[in-house]
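All of the numbers you see were taken from the coordinates with simple rules; none came from a lab. Computed from a predicted model, the values in this text were never measured in an experiment. Note: ideal-geometry Cβ built from the backbone for every residue, glycine included; neighbour counts use all protein chains shown.
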Amino acid sequence: GDWGLIAPLYAHLARDPYPAQLMKASAFRVWRWVERMNTPDQDAGEYGEVAENLFEADAVPETLKALLRYVAQDYLPEIEAYVSYANQWLSENPDIKSGTNGLDRPQDRAIGATEFSWRGQMIKVMVMPYRLYLLQKIQDIVEGAGPEDRKAMERLLSETNLMPLLEHRATRRVERKDHLEVWA
């Protein structure tokens, strides 16, 4: 969970002088964690000699693979519904100009709503091209990797049931322009 905790702890507490001081005084180890998360080097002197590499020989631990399988189970139905809805919406709106989001109010973020089954419950969510933009980033990283790295990434995605992240694609790319998501 580090990636989920850093956003509020850093953005809302560590950058504001008063909450930062409270955190330093009452939760110093939390403060140090936030500080370490924002430095490019190890910055872990209080832990003695700590290796710089994250995993031994770049091996992905089984615990992380288990977490990724959980992500696949919980997240894939939603992203599949997003892509399916977006592709249907794009086919119904073929005249959208490049560099626009195709909405009457460009500041709106959702192109519509879709439903998917999550843990046996139907969930209705707004479909925002930003999620497709993030999915593209994953796809672009894998596609831009060298042959050996790409093979290793695809193997990990396959082992963790996340290969659909590479397979589900919107029929048009999403780009960022003036702080908005727009269609390429």
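What the phi angles of the stretch 59-75 give under the Karplus curve with 6.51, -1.76 and 1.60, with θ = phi - 60°, is a coupling list of 6, 8, x, 4, 5, 6, 4, 4, 5, 5, 5, 5, 4, 4, 4, 7, 9 Hz, glycine and proline written as x.
Could you tell me the center-to-center distance, by alpha carbons, between the stretch 165-184 and the stretch 29-55 in angstrom? Between the Cα centres of the stretch 165-184 and the stretch 29-55 lies a distance of 35 Å. When +1 charges are put on Lys and Arg Cβ atoms and -1 charges on Asp and Glu Cβ atoms, the dipole computed for the chain relative to its Cα centre reaches about 580 debye. Spin-label model, residue 175 to residue 119: label points 7 Å out along the Cα-to-beta-carbon direction sit 4.0 nm apart.
Can you work out the FRET efficiency for the pair residue 5 and residue 163, with r the C-beta to C-beta distance and R0 = 35 Å, to the nearest 0.05? Efficiency for this residue pair is about 0.80. Springs between alpha-carbon atoms under 10 Å, Gaussian network over the chain: tell me which of 126, 163, 23 tops the mean-square fluctuations. Of 126, 163, 23, the most mobile in the Gaussian network model is 23. Both numbers refer to the Cα atoms of the chain; Rg and Dmax are 20.4, 61 Å. Quick one: net charge of residue 99's neighbours, Cβ under 15 Å, K/R +1, D/E -1? With Lys, Arg at +1 and Asp, Glu at -1, the neighbours total +1. Among 43, 16, 140, which one shows the highest mean-square fluctuation when the chain is modelled as a Gaussian network with alpha-carbon springs under 10 Å? For the chain, modelled as a Gaussian network with Cα springs under 10 Å, the answer is 16.
Rounded to the nearest whole Hz, the Karplus-based 3J(HN,Hα) values (6.51 cos²θ - 1.76 cosθ + 1.60, θ = phi - 60°) of the stretch 128-141 follow the sequence 10, x, 4, 5, 5, 4, 5, 4, 4, 4, 4, 4, 5, 4, with x at glycine and proline.
Think of the stretch 62-184 as having a plus end and a minus end, set by charges on the Cβ of Lys, Arg, Asp and Glu; of 145, 72, 183, 183 sits farthest toward the positive end of this dipole. Based on DSSP H segments of at least four residues, each scored -39500 (n - 2.57), the chain has a per-residue ellipticity at 222 nm of -15500 deg cm²/dmol. Summarising the amide proton neighbourhood of residue 127: residues at separation of 5 or more, or on other chains, whose placed amide H is nearer than 5 Å comprise 111, 112, 113, 114. Among the lysines of the chain, pairs at least eight places apart or on separate chains and with Cα atoms under 30 Å apart come to 10.
In order along the stretch 21-29, the phi-based Karplus estimate (6.51 cos²θ - 1.76 cosθ + 1.60, θ = phi - 60°) of 3J(HN,Hα) comes to 5, 4, 5, 4, 6, 10, 8, 4, 5 Hz; Gly and Pro are listed as x. Once you sort the root eigenvalues of the Cα gyration tensor of the stretch 103-147 as a ≥ b ≥ c, which label holds: rounded (a/c under 1.5), prolate (a/b larger than b/c) or oblate (the other case)? Oblate. Comparing 121, 88, 42 in a Gaussian network model of the chain where C-alpha atoms under 10 Å apart are linked, the largest mean-square fluctuation is found at 42.
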